[in-house]
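Structure record follows, encoded as structure tokens.
The values are calculated or read from the model by the stated rules, or taken from the named source; none is laboratory data. Quick caveat, the model's predicted, so the values are computed rather than measured. Glycine also receives a Cβ, built like all others from the backbone with ideal geometry; neighbour counts cover every protein chain displayed.
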Amino acid sequence: MRKWIIVAAFGLAAFVPGSAFAQQDARSLSLIMLLQNADVQKELTLSDKEKASLALMEKENAEASRKLRYETRRLSREDFAKRREFVKETEKQVLVLIGEKKYGRLRQIQNQVLGISMAVVGTEIATKLGVTDEQKAKLVKLRNGATLELRGIMLADKSNDGRDPDARRKPMEEFRGRQDAKVMEVMTDGQKAKWKELIGTPIAYKFTQD
């Protein structure tokens, strides 16, 4: 059963120390997951042919990802390199399938879903925003401070055992909102303006259980 929370889960891993692997996965896997969402498909005006091709890609990518995670479980430097290559290849496949214009918009939507607190963990977004070393140090402190709070949310989610979807979704949304606000306080006015460019026009999307 796929839950809306799975997309956020990959991004939330960014708050957990030593989770660079999860951050790499988030960038590619959330793209494919987002493309299965009806609201995102509508925003991108995907054709039936594109939808069918993406559904097949999702299945193949999930299987390949599970295999790769197992093969690279030792988290060596070589393992990280394999993961990065996997992410790049997945992004290329998505780009070829939906075209440059739709892909650009998809990346904006991805940034909206992740939020600045998650997206800025990645080197790409941090570079585009021009995050300084001083700001990076502040962001690390924010992430470290958020770790205990996140663990508490995850433990509460386990006790819920999926019986109440809202009990799972709301705490995560509130947590992300608080972290986004804290990160925005660290950004300059210029960086805030750049972030608005990176997310584009906000869209209404809903992640529900299948």
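Structural remarks
- Scanning segment 59-87 for residues that are closer than 18 Å to LEU34 by Cβ, surrounded by fewer than 16 Cβ atoms within 10 Å (Cβ to Cβ), within 19 Å of the chain's Cα centre (by Cα) and not aliphatic (A, V, I, L, M) returns a single hit, LYS59.
- Selection of first residues in segment 142-159 that are among the small types (Gly, Ala, Ser) and of second residues that are at pLDDT below 75, restricted to Cβ pairs under 9 Å at least 6 apart or on distinct chains, gives the following pairs, ordered by first then second residue: ALA146/PHE15; ALA156/ALA167; ALA156/ARG168.
- Note on segment 49-125: enclosed helices (runs of 4 or more DSSP H) holding 3 or more residues that are more than 13 Å from SER30 (Cβ to Cβ) and free of Cβ contacts under 8 Å to residues at least 24 places away in the same chain are 77-98, 100-114.
- In segment 111-123 there is at least one residue matching the filter, namely being modelled with pLDDT under 95 and hydroxyl-bearing (Ser, Thr, Tyr).
- Hits in segment 32-46 (condition: surrounded by 11 or more Cβ atoms within 10 Å (Cβ to Cβ) and more than 19 Å from the chain's Cα centre (by Cα)): LYS42, LEU46
- Residue within segment 41-52 that is at pLDDT 85 or above and on the phi > 0 side of the Ramachandran plot present: yes
- Top-ranked residue in segment 27-48 [being assigned to a helix (DSSP H, G or I) and of a type in the set (A, V, I, L, M, F, W, C); ranked as farthest from GLN110 (Cα to Cα)]: ALA38
- Residues located in segment 120-155, provided they are farther than 24 Å from MET172 by Cα, exposed (fewer than 15 other Cβ atoms within 10 Å of the Cβ) and hydrophobic (A, V, I, L, M, F, W, C): ALA137
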